[in-house]
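These notes are about the structure you will find just below.
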């Protein structure tokens, strides 16, 4: 028997062992009859359109922000803090790229118990990018509801967005 044939036999035995182990563990952890796997929750939108404008928004636990980014923006990286980011964009009729615009942005944040969370939003400008950042504290597992009111510069009507996110400070 040549060396190549021995190597092929070893590989075949190894693959056979892997397949056997897989088949033996397939039944482990099965759900009781009649139960169903939980389906994934639909992800919420992260932007909303208002005529020629869009409001983009997101909230993440502050410890997930890269250290350099947090340091540059004065954000405390902590599993007990959440950072909110809001951007206002103007759409032009000619389908050119959307442009960030300045505006007035205010946010109310509260949990499911109705406890209002203090969140101050500040404008950040980096080159052509304009966005609004704010942070809020969380305790344990909390679902926060964010009510955003944004009025683009040179507009009179405020656009309103409401969204919620669940956070775990474990």
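The values are calculated or read from the model by the stated rules, or taken from the named source; none is laboratory data. Not measured: the values here are computed from a predicted model. We place every Cβ from the backbone using ideal geometry, glycine too, and count neighbours over all the protein chains shown.
Assorted remarks:
- For region 44-80, a tally of residues being crowded, with 16+ Cβ neighbours inside 10 Å and assigned to a strand (DSSP E or B) returns 9.
- Identity of the residue in region 98-125, crowded, with 16+ Cβ neighbours inside 10 Å and more than 21 Å from the chain's Cα centre (by Cα), that ends up nearest to residue 137 (Cα to Cα): 103
- Filter result for residue 139 (closer than 15 Å to residue 81 by Cβ and modelled with pLDDT under 95): yes
- Across region 109-128, the number of residues qualifying as under 16 Å from residue 69 (Cβ atoms) and touching a strand residue (DSSP E or B) at 6+ places or on another chain (Cβ under 7 Å) comes to 2.
- Listed by position, the strands (runs of 3 or more DSSP E) inside region 103-170 whose residues that are touching a residue at least 60 places away in the same chain (Cβ under 8 Å) number at least 2 are 129-137, 141-152, 159-168.
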